[in-house]
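> Structure in structure tokens, see below.
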Ligand code: ADP
Ligand code: TYD
């Protein structure tokens, strides 16, 4: 059986990843592909427990390295339990965030360094790489405003402006490092963004 594709959506909080993943999931289903969606941190029973620890607003004393390792631990479980088996059985896997989020939020935002975060995650991923990465860009203030209108902000979203500014710069930096990241302007209608994502995917898979 043909190996499936790992498609990751990245970008600041509230840029529209979850919205686009839902549309992409429908698109693949209509086209007759087997598809699964995952989110990070989370996506398995164990990883969702780790997610609750990471995002809990009461856990303000968590050290930056503990945070980075917990994200990697959640990712390791998701990789082994869900992503690798799905790809091996030919499924399309759509990820709401992937290792690039750690490189940006923990590497740049928390100033642990992108290289250190990359190393930790090499242990978690053991060779797994995304085939296509979309980075949806919007000003971080706009994303947080969208989130605020949607629900209560979590621990990471509540860190403060300086952190989110650094995260935003981190996303620009990571786009320069990885050629495979496709930058998508998130300040357009949901439908326009969806069409652009589909165009790239159809080019990649040749349909
Ligand atoms: P993320 O998963 O990146 O945090 P969401 O998909 O949850 O973002 O979107 C955050 C909020 O913004 C939701 O209320 C969603 O309906 C809205 N939204 C998503 N995409 C757009 C868009 N292109 N324009 C305006 N609002 C949007
Ligand atoms: P989530 O609600 O899933 O993201 P979004 O607001 O984009 O829908 O929350 C995940 C939070 O965790 C988000 O603020 C980004 C952060 N994060 C990291 O700091 N490092 C990581 O490796 C990942 C996957 C997420």
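The values are calculated or read from the model by the stated rules, or taken from the named source; none is laboratory data. Please read all numbers here as calculations on a predicted model, not as lab measurements. Positions of Cβ are backbone-derived with ideal geometry, glycine not excepted, and every protein chain shown enters the neighbour counts.
> Considering only segment 43-72, state which residues are without any contact (Cβ under 8 Å) to a residue 40 or more places away in the chain and not in a loop (DSSP other than H, G, I, E, B).
Of everything in segment 43-72, those that are without any contact (Cβ under 8 Å) to a residue 40 or more places away in the chain and not in a loop (DSSP other than H, G, I, E, B) turn out to be 45, 46, 47, 48, 49, 50, 51, 52, 53, 66, 70, 71.
> A further question follows. Scan segment 15-42 residue by residue and report those that are assigned to a loop (DSSP other than H, G, I, E, B) and more than 9 Å from ligand 1 (Cβ to nearest atom). Walk me through how you get there before you give the answer.
Start the filter on segment 15-42 by keeping residues that are assigned to a loop (DSSP other than H, G, I, E, B), which leaves 15-16, 31-34, 40-42.
Hits for segment 15-42 are 31, 32, 33, 34, 40, 41, 42.
> Among the listed residues 63, 89, which satisfies the condition of being away from ligand 2 (no atom under 12 Å from the Cβ) and within 24 Å of residue 207 (Cα to Cα)? First the steps, then the outcome.
Values: 63 fails: within 24 Å of residue 207 (Cα to Cα).
That would be 89, the only listed residue that is away from ligand 2 (no atom under 12 Å from the Cβ) and within 24 Å of residue 207 (Cα to Cα).
> Check segment 138-146 and report whether any residue there is under 30 Å from residue 31 (Cα atoms) and within 16 Å of ligand 1 (Cβ to nearest atom).
Within segment 138-146, the first condition is being under 30 Å from residue 31 (Cα atoms), and the residues that meet it are 138.
From the residues that got through so far, the ones that are within 16 Å of ligand 1 (Cβ to nearest atom) too are 138.
Scanning segment 138-146, I find at least one residue that is under 30 Å from residue 31 (Cα atoms) and within 16 Å of ligand 1 (Cβ to nearest atom), so the answer is yes.
> Right, next: From the residues in segment 1-14 that are assigned to a loop (DSSP other than H, G, I, E, B) and near ligand 2 (Cβ under 10 Å from one of its atoms), which one is surrounded by the most Cβ atoms within 10 Å (Cβ to Cβ)?
Restricting attention to segment 1-14, the residues satisfying the condition of being assigned to a loop (DSSP other than H, G, I, E, B) are 1-5, 11-14.
Still in the list and also near ligand 2 (Cβ under 10 Å from one of its atoms): 11-14.
Numbers: 11: 25, 12: 28, 13: 19, 14: 24.
My answer is 12.
> Using the structure shown, decide if residue 189 is closer than 28 Å to residue 69 by Cβ, modelled with pLDDT of 95 or more and surrounded by fewer than 17 Cβ atoms within 10 Å (Cβ to Cβ). Before the answer, list the steps.
Numbers: closer than 28 Å to residue 69 by Cβ: no; modelled with pLDDT of 95 or more: yes; surrounded by fewer than 17 Cβ atoms within 10 Å (Cβ to Cβ): yes.
Here the answer is no, as residue 189 does not meet what is asked.
> Which of the following residues is out of contact with any helix residue (DSSP H, G or I) (no Cβ under 9 Å at 6 or more places or on another chain), within 19 Å of residue 17 (Cα to Cα) and within 12 Å of ligand 2 (Cβ to nearest atom): 75, 97, 151?
Working: 75 fails: out of contact with any helix residue (DSSP H, G or I) (no Cβ under 9 Å at 6 or more places or on another chain); 97 fails: out of contact with any helix residue (DSSP H, G or I) (no Cβ under 9 Å at 6 or more places or on another chain).
Answer to the check: 151.
> Of all the helices (runs of 4 or more DSSP H) wholly in segment 92-207, which have at least 1 residues that are in contact with a strand residue (DSSP E or B) (Cβ under 7 Å, 6 or more places away or on another chain)? Even if it seems obvious, please write down each step before you answer.
Details: elements: 99-102, 114-125, 140-150, 161-177, 190-205.
In segment 92-207, 99-102, 161-177, 190-205 are the helices (runs of 4 or more DSSP H) which contain 1 or more residues that are in contact with a strand residue (DSSP E or B) (Cβ under 7 Å, 6 or more places away or on another chain).
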